[in-house]
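Following: one structure in structure tokens, then a few remarks.
The values are calculated or read from the model by the stated rules, or taken from the named source; none is laboratory data. These figures come from a predicted structure and were not determined experimentally. Here the Cβ is made from the backbone with ideal geometry for all residues, glycine too, and neighbour counts use every protein chain on show. Quick note on the areas: whole protein, heavy atoms, side chains included, nothing else; ligands and nucleic acids left out. Shrake-Rupley method; radii C 1.70, N 1.55, O 1.52, S 1.80 Å.
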Amino acid sequence: MRTPRRRDPQPPEGFSPGDPVEVLPDEPGLRGAHFAAVVVKPNPKPRGSYTVEYEALVEDEGSDRPLRETVPARSLRPRPPPPPPPAQAVPAEHAAVDALVDDAWWLGVTLGGGGAGADGAGKVTVCFPETREVKEFDAADVRPHLEWVAGEWLSPETMEIPETMPYTKGTKIEVAKLEDDSVVAWLPAVVAKTIWKNNVLVEYTVSKSDGTALSEEIVDVKHIRPCPPHASAISFCVNDEVEAFQGDGWWLGVITDVHPELRYTFKSEHLAKEVQVDQKLLRLRYDWVDGQWKQETQNVLKAKFTQGVKVEVSSDDEGFRGAWFEATVLKSVGSKFLVEYATLKAEDETSPLTEPVEARHIRPSPPHIPVVNGFKLLDEVDAFCNDGWWVGVVSKIISDQKYMVYFRPWKEEMEFEHEQLRFHCDWMGGRWMRASPALEL
């Protein structure tokens, strides 16, 4: 049942000396707290401010003199009406409440009731999404949270989730794992419920290493980010800032060594230990900053196309767009490179075709990516056809050595042997990238 609105009009002239109020600090570490105070006087300077005297705070440790402070009007509100007796008002699960901690009322969210309290009224479990703390309180130390809006008290139950909430139920996200207030890993999760005002109930999607499922958690949106870009680097370098999937999430760290068969040594920032991991369990580190993805690593490679280097060449000519042709660099010619194709022939149909091409049409030869247990349905692949590699999608598995590949540009399907296919990847930002395959967890 929704809590009715409670009217307690603010005097037109503002607060008067002796008015009981609550102070809502806007300082880091104190946001969400409500301190009981009494107005001492309004102040002409700074304009719109008041001197208040706190009921529970004192000037100095060991002093009994109440603390007085000048606060802006925007940080003041009247005292809310007294809550109903605890025995008559058991807060609903996930309700916004204030809990009495260290002489202040702190905004939190209920997780449910507990056992009997000292007064027989019971216990209430409250989580604080911003700090990720969970505590149990006597029901007498918990009150329904009310907002002072335009001169009246409103219950969050009657208020809509702010339009700034970027997530909805079912959205796949990642939640920060914190150690000493620092992010050490990102845990895959899904939004189960949005909760007033900026809180989200998340369900983790990966089990712990011991096989037990992670519990739900209510967190502030500041601890959440969307899933990063769906491309992962194939070729990593020493000192690349990366995230490695270990246990239940993506841990932040750095590449310290490169091994054959697309394996790398990873050093976690938090654990300070090194482990060897497969390429498919690594991804470049991206940070979510002001609604944009920012790639952290600055270790970007530049390909050097010197004489004798094996490359692949693309073309803008009609009928060749989308294909890559194997070639060897013969020499640089001004801003272009003279290449000799491995499969394309000159007009005499016998000698290899050579031609100058622009740097934007050249890329290194892709790395060999081992194919374990064959290609799978909908794998993005390159198929060798008409002397070049053409991107397509596996549309049918005929056998472990034969596949049908669908080419979107022509809406055609063709049959290929296993040896005529390779995983598709793109040369981006000086490194090889490909769509991240689903982790087998």
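Numerical summary
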read-out: Mean separation of Cα contacts under 8 Å (6+ apart) over length of the chain, as relative contact order %; value: 8 percent
read-out: GNM top mover of 358, 133, 349 - the chain, alpha-carbon springs below 10 Å; value: 349
read-out: Mean Cβ neighbour count within 10 Å, used as a protection proxy, ranking 100-111, 178-189 highest first; value: 100-111, 178-189
read-out: Relative contact order %, region 283-405, counting alpha carbon pairs below 8 Å whose residues are six or more apart; value: 17 percent
read-out: Label-point separation in nm, residue 134 to residue 16, each point 7 Å along Cα→Cβ; value: 4.8 nm
read-out: Correct option for Cα extents along the principal axes in Å [calculated from the coordinates] among (i) 81, 53, 44; (ii) 101, 50, 44; (iii) 77, 61, 50; value: (ii)
read-out: Within region 377-403, backbone nitrogen closer than 15 Å to the virtual label 7 Å beyond the Cα of residue 343 toward Cβ; value: 381-392
read-out: Trypsin sites (Lys or Arg not before Pro) within region 310-369, DSSP loop, no more than 13 other Cβ atoms inside 10 Å; value: 321
read-out: For residue 267, solvent-accessible area (1.4 Å; no DNA, RNA or ligand), Å²; value: 80 Å²
read-out: Area accessible to solvent at residue 378, 1.4 Å probe radius, in Å²; value: 130 Å²
read-out: Mean accessible surface per residue for the chain, computed with a 1.4 Å probe while every protein chain stays in place, in Å²; value: 57 Å²
read-out: Per-pair calculated FRET efficiency, R0 = 60 Å: residue 305 and residue 205 via Cβ, rounded to 0.05; value: 0.90
read-out: Accessible carbon and sulfur surface of region 324-441 relative to its total accessible area, %, 1.4 Å; value: 52 percent
read-out: Dipole magnitude of the chain, debye to nearest 20 (Cβ charges: Lys/Arg +1, Asp/Glu -1, about Cα centre); value: 640 debye
read-out: Computed label-point distance, nm, for sites residue 408 and residue 103 using a 7 Å Cα→Cβ extension; value: 6.3 nm
read-out: Phi-based couplings in Hz for region 387-403 (Karplus 6.51, -1.76, 1.60; Gly and Pro marked x); value: 6, x, 9, 10, 7, x, 10, 5, 9, 7, 9, 7, 7, 6, 10, 9, 9
read-out: Estimated vicinal HN-Hα couplings, Hz - region 370-382 in sequence order (Karplus 6.51, -1.76, 1.60; Gly, Pro = x); value: x, 9, 9, 6, x, 6, 10, 4, 6, 4, 7, 9, 9
read-out: Amide hydrogen neighbours beyond the local backbone of residue 235, cut-off 5 Å, H modeled; value: 432
read-out: Residue 97 long-range amide H proximity, modeled H, under 5 Å; value: 108, 109, 110, 145
read-out: Principal axis dimensions, largest first and in whole angstrom, of region 350-437 by Cα; value: 41, 34, 24
read-out: Centroid-to-centroid separation of region 142-175 and region 235-282 [C-alpha atoms, Å]; value: 39 Å
read-out: Calculated FRET efficiency for the pair residue 426/residue 141, C-beta based, R₀ 60 Å, to 0.05; value: 0.55
read-out: Fluctuation leader among 250, 410, 196 - the chain, Gaussian network, Cα springs under 10 angstrom; value: 410
read-out: Normalised contact order of region 363-404, rounded percent, pairs of Cα under 8 Å and 6 or more residues apart; value: 30 percent
read-out: Gained length - residue 419 relative to residue 158, 0.36 nm times residue gap less alpha-carbon distance; value: 87.6 nm
read-out: Bins of 10 Å from zero: percent of alpha-carbon pairs in region 137-258; value: 11, 31, 29, 18, 7, 3, 0
read-out: Most fluctuating residue given options 361, 94, 34, as computed from a GNM of the chain linking Cα atoms under 10 Å; value: 361
read-out: Hz values of 3J(HN,Hα) by residue in region 14-22 - Karplus curve (6.51, -1.76, 1.60), Gly and Pro given as x; value: x, 8, 10, x, x, 5, x, 9, 10
read-out: Segment residue 47-residue 181, extension gain: residue separation times 0.36 nm, minus the distance between their alpha carbons; value: 44.6 nm
read-out: Sequence-distant residues sharing a close amide H with residue 227 (under 5 Å, placed H); value: 174
read-out: At R0 = 51 Å, FRET efficiency that the Cβ-Cβ distance of residue 359 and residue 192 yields, to 0.05; value: 0.55
read-out: Percent carbon-and-sulfur accessible area, region 126-194, ignoring ligands, DNA and RNA, probe 1.4 Å; value: 47 percent
